[in-house]
Amino acid sequence: MTPRVFSGIQPSGDLHIGNYLGAVQNWVAIQRQYASVFCIVDYHAITVPYEPADLRTRTREMAISLLAAGIDPEVATLFVQSAVPEHTELAWIFNTITPLGELERQTQFKEKAQRQESVSAGLLNYPVLQAADILLYRAEVVPVGEDQVQHLELSREVARRWNARFAPPDAPFFQEPQPLLTPTRRIMGLDGQAKMSKSLGNTVGLLEPPDDVWAKLRPAVTDPKRIRRTDPGTPEVCNIYHLHRAFNPEQTVEHVAVQCRAAGWGCLDCKRVLFEGMERTLVPIRERAAEIRASPGRIEEVLRGGAAAARAIARETLRSVKHMMGLDAGLLS
Ligand code: AMP
Ligand code: TRP
């Protein structure tokens, strides 16, 4: 059987270049190699305060962005998490075998909890739902950015723990899923201060108009030691240089480094060349998004088909799981 890949993204804002370079680029690259399942995880997004109308719009917009970025619904399954109720059902089951201490130790939980006035149990259990997402499809490979590595470690522990408790010792039921990282696994925001993140407002959206992209790029933080135009720079410490590596060919990147070290270019010259490189990637994505928007009912059709395909797999897994756990006396659902 072709090994399965699963990944998810929250519809909590626009798809940004950090998501693209850290994860979605890999989804597109490997979608034909694996049996691919990609999910817009709205149940994860509601673990922090949100507006229902925004969530609905953002979920749709995320679907448009993912298709525009190159997800092909002819080969990959794309769906919205809340359309497949087995996700939450398996999450409940996994909650019962997950030690509280492990959840409290998760870095993302600690960071997000700090930013909330009141912390919900859902925020704590977020990684358990994530384990359910992945294991429901018995996926082996999970293309994500670096910030998800700890969550995947927890998913592997959930798989191990469930197998040890409920599966025969010689026939583990769940595989232990492995992260698949890109060379650009952690993209910093244009402020150069923190990871590019929907919740920090330091992003460049994949579908933002070129003028807006340039307006963000122009004042973006560079090498902090390069104060005057004539100061030589250190490319390795500059966030803009790292973006060059993501968007421009090797030769251009080398040229950029030479110009920076020799103070041949000012930071603005360097940003112009980056902008050109970004546009080469972004123009076709924007064009595809416009095409998708122009075809009414397209998104609904893709998501409906995706949910049906996902659900067929999910139901089968859950049936086996419930059976092995003695949860079949009510004769299953
Ligand atoms: P999220 O937007 O948190 O749902 O993340 C969706 C995917 O993008 C996950 O695989 C993340 O690891 C990845 N990701 C998010 N932000 C970044 C970033 N700044 N750099 C690299 N990958 C990221
Ligand atoms: N927690 C992930 C993020 O914020 C999103 C996610 C939910 C996910 N379920 C998943 C990623 C399953 C990979 C696999 O990026």
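The values are calculated or read from the model by the stated rules, or taken from the named source; none is laboratory data. Please read all numbers here as calculations on a predicted model, not as lab measurements. Here the Cβ positions follow ideal geometry from the backbone for every residue, glycine too, while neighbour counts run over all protein chains shown. These accessible areas exclude ligands, DNA and RNA; they are computed on the full protein's heavy atoms, side chains included. Shrake-Rupley method; radii C 1.70, N 1.55, O 1.52, S 1.80 Å.
Between 131, 113, 159, 121, which is open to solvent by less than 10 Å² (accessible area, probe 1.4 Å) and more than 18 Å from the chain's Cα centre (by Cα)?
159
Do you know which of the residues in the stretch 34-57 that are within 14 Å of ligand 2 (Cβ to nearest atom) and assigned to a strand (DSSP E or B) is farthest from the chain's Cα centre (by Cα)?
36
State all residues of the stretch 202-249 that are open to solvent by 90 Å² or more (accessible area, probe 1.4 Å) and part of a loop (DSSP other than H, G, I, E, B); if no residue qualifies, say none.
Matches in the stretch 202-249: 218, 219, 224, 225, 227, 228, 229, 230.
When residue 133 is evaluated against the numbered criteria (1) within 17 Å of residue 9 (Cα to Cα); (2) without any contact (Cβ under 8 Å) to a residue 60 or more places away in the chain; (3) of a type in the set (Asp, Glu), which criterion, by number, is the only one it fails?
Checking residue 133 against (1) within 17 Å of residue 9 (Cα to Cα); (2) without any contact (Cβ under 8 Å) to a residue 60 or more places away in the chain; (3) of a type in the set (Asp, Glu), the one that fails is (2).
I'd like to check something: does the stretch 3-13 contain any residue that is over 19 Å from residue 309 (Cα atoms), modelled with pLDDT of 95 or more and touching a Ser or Thr at 6+ places or on another chain (Cβ under 6 Å)? Before you say what the answer is, go through the steps one by one.
Our first condition is that a residue be over 19 Å from residue 309 (Cα atoms); within the stretch 3-13, this holds for 10-13.
Remaining after also requiring modelled with pLDDT of 95 or more: 10-11.
The next check asks that each one be touching a Ser or Thr at 6+ places or on another chain (Cβ under 6 Å); those that pass are 11.
Yes, there is a match, as at least one residue in the stretch 3-13 is over 19 Å from residue 309 (Cα atoms), modelled with pLDDT of 95 or more and touching a Ser or Thr at 6+ places or on another chain (Cβ under 6 Å).
Residues in the stretch 39-93 that are open to solvent by 10 Å² or more (accessible area, probe 1.4 Å), more than 30 Å from residue 321 (Cα to Cα) and among the aliphatic types (A, V, I, L, M): how many?
So the answer is 3.
Out of 252, 281, I need the residue that is over 18 Å from residue 61 (Cβ atoms), at pLDDT 95 or above, in a helix (DSSP H, G or I) and under 21 Å from the mean Cα position of the chain (by Cα). Which one?
Numbers: 252 fails: under 21 Å from the mean Cα position of the chain (by Cα).
None of the others qualify; the one that does is 281.
Any idea how many residues of the stretch 164-183 are touching a Phe, Trp or Tyr at 6+ places or on another chain (Cβ under 7 Å) and either surrounded by fewer than 18 Cβ atoms within 10 Å (Cβ to Cβ) or modelled with pLDDT under 95 (or both)?
1
Could you please let me know if residue 304 is open to solvent by 70 Å² or more (accessible area, probe 1.4 Å) and touching a strand residue (DSSP E or B) at 6+ places or on another chain (Cβ under 9 Å)?
Answer is yes for this residue.
Does residue 13 qualify as being within 15 Å of ligand 1 (Cβ to nearest atom) and in contact with a Cys (Cβ under 7 Å, 6 or more places away or on another chain)?
On the way: within 15 Å of ligand 1 (Cβ to nearest atom): yes; in contact with a Cys (Cβ under 7 Å, 6 or more places away or on another chain): no.
It is false that residue 13 is within 15 Å of ligand 1 (Cβ to nearest atom) and in contact with a Cys (Cβ under 7 Å, 6 or more places away or on another chain).
Could you tell me whether residue 230 is modelled with pLDDT under 90, assigned by TED's automatic domain parsing to the domain that holds residue 269 and of a type in the set (Ser, Thr, Tyr)?
Spelling it out, residue 230 is indeed modelled with pLDDT under 90, assigned by TED's automatic domain parsing to the domain that holds residue 269 and of a type in the set (Ser, Thr, Tyr).
Identify the residue in the stretch 23-69 that is within 14 Å of ligand 1 (Cβ to nearest atom) and among the acidic types (Asp, Glu) and, among all such residues, is farthest from residue 310 (Cα to Cα).
61
Out of the stretch 255-278, which residues are hydrophobic (A, V, I, L, M, F, W, C), free of Cβ contacts under 8 Å to residues at least 40 places away in the same chain and either in a helix (DSSP H, G or I) or open to solvent by less than 30 Å² (accessible area, probe 1.4 Å) (or both)?
256, 257, 258, 260, 263, 273 - these are the residues of the stretch 255-278 that are hydrophobic (A, V, I, L, M, F, W, C), free of Cβ contacts under 8 Å to residues at least 40 places away in the same chain and either in a helix (DSSP H, G or I) or open to solvent by less than 30 Å² (accessible area, probe 1.4 Å) (or both).
Return the total of residues in the stretch 135-152 being within 12 Å of ligand 1 (Cβ to nearest atom) and within 19 Å of residue 314 (Cβ to Cβ).
1
Return the only residue of 148, 178 being within 30 Å of residue 248 (Cα to Cα) and touching an Asp or Glu at 6+ places or on another chain (Cβ under 7 Å).
Of the residues listed, the single one that is within 30 Å of residue 248 (Cα to Cα) and touching an Asp or Glu at 6+ places or on another chain (Cβ under 7 Å) is 178.
Of all the residues that make up the stretch 1-33, how many are basic (Lys, Arg) and within 14 Å of ligand 2 (Cβ to nearest atom)?
Of the residues in the stretch 1-33, 1 are basic (Lys, Arg) and within 14 Å of ligand 2 (Cβ to nearest atom).
Please go through the stretch 177-220 and pick out each residue that is farther than 22 Å from residue 285 by Cβ and away from ligand 1 (no atom under 15 Å from the Cβ).
The one that is farther than 22 Å from residue 285 by Cβ and away from ligand 1 (no atom under 15 Å from the Cβ): 219.
Of the residues that make up the stretch 185-198, is at least one open to solvent by 70 Å² or more (accessible area, probe 1.4 Å), modelled with pLDDT of 90 or more and out of contact with any Gly (no Cβ under 6 Å at 6 or more places or on another chain)? Break it down into steps so the answer makes sense when it comes.
Quick first cut of the stretch 185-198, residues open to solvent by 70 Å² or more (accessible area, probe 1.4 Å) only: 185-186, 193.
Now narrow it down to the ones that are modelled with pLDDT of 90 or more: 185-186.
Narrowing the set further to residues that are out of contact with any Gly (no Cβ under 6 Å at 6 or more places or on another chain) leaves 186.
Checked the stretch 185-198: at least one residue is open to solvent by 70 Å² or more (accessible area, probe 1.4 Å), modelled with pLDDT of 90 or more and out of contact with any Gly (no Cβ under 6 Å at 6 or more places or on another chain).
Criterion first (open to solvent by less than 50 Å² (accessible area, probe 1.4 Å), over 30 Å from residue 292 (Cα atoms) and within 14 Å of ligand 1 (Cβ to nearest atom)) does residue 106 satisfy it?
yes
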